[in-house]
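Participant: Following this message is one structure expressed as C-alpha cells.
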Amino acid sequence: MRLAPFEYLAPESLNEALAAKANLGAKAVWLAGGTDLLPRAKQGLAQPQTVISLKHLCAELSAVSQDDGKLQIGALAVIADVANHPTVQGRLPGLSEALHAIGALTLQQRVGTLGGNLCADTRCLYYNQSQEWRAGLAPCFKLAGEVCHAGGEGVERCRSVNQSDGAVMLSALDARVLLAGEKGQRSLPLEDFFTGQGETPIAMEADELLLGVEVALPPDGSGSAYERLALRGAIDYPLASAAAAISLEDGAVSTVRVALGAVFAAPLLLKDAVAPLLGQAPDEAALAQAAQRAGRHAGPFLVDNVRADLQWRKEMAPVPMRRALERALARARGTS
Amino acid sequence: MAKLQTLAFEVNGEAVELAVRSQETLLEVLRERLELTGSKEGCGEGVCGACTVLVDGAPRRACLTLALEAQGGQVLTVEGLADGAELSLEQQAFVETGAVQCGFCTPGMLLASHDLLSRQEQPDEAAIRQQLSGHICRCTGYAKIVEAVALAADRRAKGEAS
C-alpha cells in the first residue's frame, strides 16, 4: 500500500507547529507515532495535504510530572513510559493496565503515544477498508455521505466505535485534556473531549493540538482497574472494555466512576448505574448487579459493528464491568 | 506538491544521503532505494511486524514510519545483524533451533529479539513471548522462535561464542 503525496513539515518549536496548523487548518494533520494516521492515510481515509511531524516536540511534550495532587502527562509521552511510571503503577493501576493493553509491547515503546491513543479515530467494519473495498458501497456518514452501513436502514448517524483503551480508563478517572490553539490554551474534561458522534468523534478545532492530560491522584483507599475482551492478546482492539475507579471512606464507597469502551463512538460513562453503590460496602452480588445495570443503561447506545454483533455486546458488556469493579474495589480495600 | 527532500541518516552503520518524497515510508526507502530487501512488507498496516527495524535502538514498523521521521537517526535492519559471514547470536540460535520456516517473519522477529536482548540480561519465557507478541508467524507456531531467543540469551549469559 502506497501513501498519496503530501507535504511534510517538522517544526522545531511548539509555536512554530501551532502557527503552521493555524495556517493550514484541516488540510494538515499531526503526526506522532503514526500507528493510527498512516493506516488511515494508506486507505485514503485521511487525505492530508500536509503532515506536521511532532518529533521535535517530544522533549517538550513527553514529561510525566506531579503537581498539587495532580498527575500531568504530556501528549507525546510514550505509552510504555506512562504505563511503567511509578506514580501511575502505584496510584493509578487501572491506567497502567489500560495502556499495557494497547497494540503490543514493541508498539508501546517509543512509537505509540498517549495523545495518539486518545485522538485515535473511531473505527468501523465498513469504513476502515481500502478504497477499492469501499468503492462498492455508497459513502457513509463518516465520509460525508447519507447512510450507515453498520447501522443499516433507518439509522441516521454514524455508528463507528471508539476502541481506545486509554480513553476508557482516563474517562473513569475523570481526566482532563489540555489543548493549545491559535487563541491560546483551554482545558476540558474527557467527557466533553469525546463528542459521541462517529463522524467527528473528537472536540478539537482544526488549529488545535493536544498538549497533555491531567489526572487527579486519588486519595488513599482508592482503586482503579481496566478490563477488556478481545479476540487476541496483542495487536487487537477490544470488543468490549470497562474501567472502574472507586474511593472508600471508612469502608464505604465515597466515589465511584465507571466507563464502558469499544461499544459506542465515545467511552460510555455510566453514572446512574453505579450510584446505588455509594455509601455502601458492596459485596460481590452488589457489584454484579451494578455491572448488569451498567450493561442495561448502555443498551440503547451499543453498536452492531467491528467483529462483535449487538447481541454479543449486550450480553458481554457487564462481564468486563463486573471484573473491573471487583478488582478496583479490592485495590481500594488494599486486598489485592 | 511533494517535492523531494534530502534524507540523511545511518543505515547499518553506514552514512546514507538520498532524496526522498515526503510520503515515502522507511520500508520503501530501505527496500526500493537501498535494496535492503530483508525487511518485509506483510500487511502494510502495522499489524504483522514483518517490517520491523530498529530506529535509534527502538523497534519500529518501517511500513508505518515516514522515511523523513528517521532524519539524522540510526537504522538497523536484518542485514546489519551479522558481522560479515559470522551470524549474530540471535541469527545463529534461530538457525539451530529451527525457528525459521518460510522466513518471511524472521527479519522482524530477529530485530525484536535483538531489542529484547539489548534491554534485558536474561529474559524469561513470559518476557520473550510478550516481546514477540507484536509479530505474526504463520508457520512455526512460535514455540521454536521462543526457544531460539531463550537459547541466544542463555549463550550470552554463559559467555559462549555463537
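Quick note: the coordinates plus some simple rules give every number you see, no bench work behind them. Nothing here was measured: the structure is a model prediction, and the numbers come from that model. Cβ: placed from backbone, ideal geometry, glycine included. Neighbour counts: every protein chain shown.
Participant: Calculate how large, on average over all directions, the projected area of the Cα convex hull of the protein assembly as shown is; give the answer in nm² to one decimal.
Facilitator: Value for the protein assembly as shown: 24.4 nm².
Participant: Give the cross-link partners of A:K27 among the aspartates and glutamates, using a straight C-alpha distance below 12 Å as the criterion and excluding same-chain residues fewer than 8 apart.
Facilitator: A:E7, A:D207
Participant: Quick one: if the Förster radius is 22 Å, what FRET efficiency do A:A288 and A:S336 give, using the C-beta to C-beta distance and rounding to 0.05?
Facilitator: The formula returns an efficiency of 0.80 here.
Participant: How much net charge surrounds A:S130 when only the other residues with a Cβ under 13 Å from the Cβ of A:S130 are counted, with Lys and Arg +1 and Asp and Glu -1?
Facilitator: Overall, the nearby charge balance is +2.
Participant: Using every Cα-Cα pair within the range B:4-80, state what percent have a distance larger than 21 Å.
Facilitator: Details: 396 of 2926 pairs.
I get 14 percent for the Cα pairs in the range B:4-80 exceeding 21 Å.
Participant: Mind pulling the angle between the C-alpha long axis of helix B:143-158 and the longest principal axis of chain B? Nearest 10 degrees, somewhere in 0 to 90.
Facilitator: Helix B:143-158 sits at roughly 80 degrees to that axis.
Participant: Can you tell me the FRET efficiency between A:A63 and A:S187 if r is taken as the Cβ-Cβ distance and R0 is 22 Å, rounded to the nearest 0.05?
Facilitator: After rounding to 0.05, the efficiency reads 0.85.
Participant: List the lysines whose alpha-carbon lies under 24 Å from that of A:K271, not counting same-chain residues fewer than 8 positions away?
Facilitator: A:K271 reaches A:K70, A:K314.
Participant: Quick one: which of A:9-15, A:87-93 comes out on top by average Cβ neighbours within 10 Å, and what's the full order, highest first?
Facilitator: A:87-93, A:9-15
Participant: Can you put A:E199, B:E147, B:E69, B:E125 in order of Cβ neighbours within 10 angstrom, beginning with the fewest?
Facilitator: Starting with the residue having the fewest Cβ neighbours, the order is B:E125, A:E199, B:E147, B:E69.
Participant: Now for a separate question. Could you list A:I235, B:I128, A:I246 in order of exposure, starting from the residue whose Cβ has the fewest other Cβ atoms within 10 Å?
Facilitator: A:I235, B:I128, A:I246
Participant: Straight-line reach only, C-alpha to C-alpha below 24 angstrom: list the lysines that B:K158 could link to, leaving out same-chain residues fewer than 8 apart.
Facilitator: B:K144
Participant: On to the next question. Hey, with R₀ at 25 Å, roughly what FRET efficiency would B:E121 and A:H56 work out to, going by the Cβ-Cβ distance, to 0.05?
Facilitator: 0.15
Participant: Continuing with the same structure: Taking the C-alpha atoms of chain B, how large are the radius of gyration and the largest Cα-Cα span, Dmax, in Å?
Facilitator: 15.9, 56
Participant: Would you tell me the mean number of C-beta atoms belonging to other protein chains that fall within 10 Å of each C-beta in A:38-46, as a whole number?
Facilitator: The shielding value for this peptide is 3.
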